[in-house]
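One structure is given below, encoded as C-alpha cells.
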C-alpha cells in the first residue's frame, strides 16, 4: 500500500527571525494564507487517504501538528526522541510502516516546499511509485534548473530507464556548488536540482541502510522488534538516542547503486532562504516587499514587514525582516550564512532568548 511521510521536525534556521524554535517555518502562513505544512498535506490528499498520511517530527512540535492537522490521527505522528537527521528519522518511520504493511511504499516529502500544478505533481509521484516497485530502487524527484542556483544540491542524470517517463539512473550527487560550478552545470543540461522528495519501498530503504549504515540499521531493527509491545517506548528512546545521525543524502543516496531520478514537470521551490521566499513577494519599485513598506531610491532589497511601516531610502541589496521582537538587517549576499549567525546568538545569554 502507498503511504506519505512528511518531514516536519526542522527548525528553519535560515529563515530566522521569521522562523523561530517555537514556531519554525513549516507553521508559517506566508504564501496563500496557509502554512507550508498545511499546503503539503492538502497537496497529497489526491494520492492517499488521511489514514495513510504520516508525519515525523520531534516532541516539541507534536501539539502544534495535532492542532494544525486535526484530520490526522495522533498515532500517525511519529515523534523522534532526539534530532538524528533525515536518514535516521526516515529509517524509524520505515520500520514502523513495515510493521504495519510488509509491502509499504513510502513517498517522503519535506513540509516546506512550494509546488504548482498538483496534477503534474501527482503524475510524477505515481511514476516514482511505479519505478520504486519495478526496479526495487530509491527514487528521487529532480527539478530542471532555471538558474545557476548555489543553494541546492544537484543530481547528474545517467542512462534513461523508461521510454514512457523521464526516469534516469543517478550518475552522481553533487553538493551545493559555488557560483562558477553552478553556471557550468546549468550549461551542461544533464544536471537536475535535488528536491529532497523521495519514493521507495520501506523494505528496500532499510536494506540499503543495512549496507551503508549497518550500526544504525541494527538499532532500528531492535526498535522494529519492540514495536507493538509494552517496551516499545523505552526501547525507541534507548536505541534512538545512541544513533549517530546523518542525512539521507550523505548516508544513503550518495552511496547506493539503486538510485533513480525522475525529472519533474511542475513548478517547485524550496522555501529555505530569504532569497527563495523573496520570489513570492510583491514588487515595489524594484524591491520585493511584504507588509507595510515604502521604498524610495532603493533597489534589489527584500523587505518582510508586519504592522509597522518600514521605509527604505537610498538602500541596495539588503534583506530587512521585522519579526516583532527582532529586526534583522542583512546584506543579501549573506543569505546562506544565517545559521552561523543564529549559532552566535545562542552563545550569548542576552540574545539566546530571541532564538
| query | How about segment 111-125: which of its residues are in a helix (DSSP H, G or I), in contact with a strand residue (DSSP E or B) (Cβ under 9 Å, 6 or more places away or on another chain) and surrounded by fewer than 16 Cβ atoms within 10 Å (Cβ to Cβ)? | reply | none
| said: Within segment 88-110, does at least one residue satisfy the condition of being part of a loop (DSSP other than H, G, I, E, B), in the same structural domain as residue 36 (by TED's automatic domain parsing) and either farther than 26 Å from residue 203 by Cβ or within 17 Å of the chain's Cα centre (by Cα) (or both)? | reply: no
| Only listed residue being farther than 25 Å from residue 274 by Cα, crowded, with 19+ Cβ neighbours inside 10 Å and in the same structural domain as residue 245 (by TED's automatic domain parsing), chosen from 77, 72 | 77
| request: Scan segment 40-63 for residues that are within 18 Å of residue 21 (Cα to Cα) and touching a strand residue (DSSP E or B) at 6+ places or on another chain (Cβ under 8 Å) and jot them down. | output: 56, 57, 58, 59, 62
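To keep it simple, each residue is scored yes or no on (1) within 17 Å of residue 86 (Cα to Cα); (2) surrounded by fewer than 15 Cβ atoms within 10 Å (Cβ to Cβ); (3) modelled with pLDDT under 95; (4) in the same structural domain as residue 92 (by TED's automatic domain parsing).
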{"position": "219", "(1), (2), (3), (4)": "yes, no, no, yes"}
{"position": "225", "(1), (2), (3), (4)": "no, yes, no, yes"}
{"position": "231", "(1), (2), (3), (4)": "no, yes, no, yes"}
{"position": "236", "(1), (2), (3), (4)": "yes, no, no, yes"}
{"position": "240", "(1), (2), (3), (4)": "yes, no, no, yes"}
{"position": "244", "(1), (2), (3), (4)": "yes, yes, no, yes"}
{"position": "249", "(1), (2), (3), (4)": "yes, no, no, yes"}
| task | Scan (1) closer than 22 Å to residue 100 by Cα; (2) over 16 Å from the mean Cα position of the chain (by Cα); (3) free of Cβ contacts under 8 Å to residues at least 60 places away in the same chain; (4) not in a loop (DSSP other than H, G, I, E, B) for the single condition residue 48 breaks and write down its number. | result | (4)
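The values are calculated or read from the model by the stated rules, or taken from the named source; none is laboratory data. No experiment lies behind these values; they were computed from the predicted model shown. When we count neighbours, we look across all protein chains shown, and the Cβ atoms used for this are built from the backbone with ideal geometry, even at glycine.
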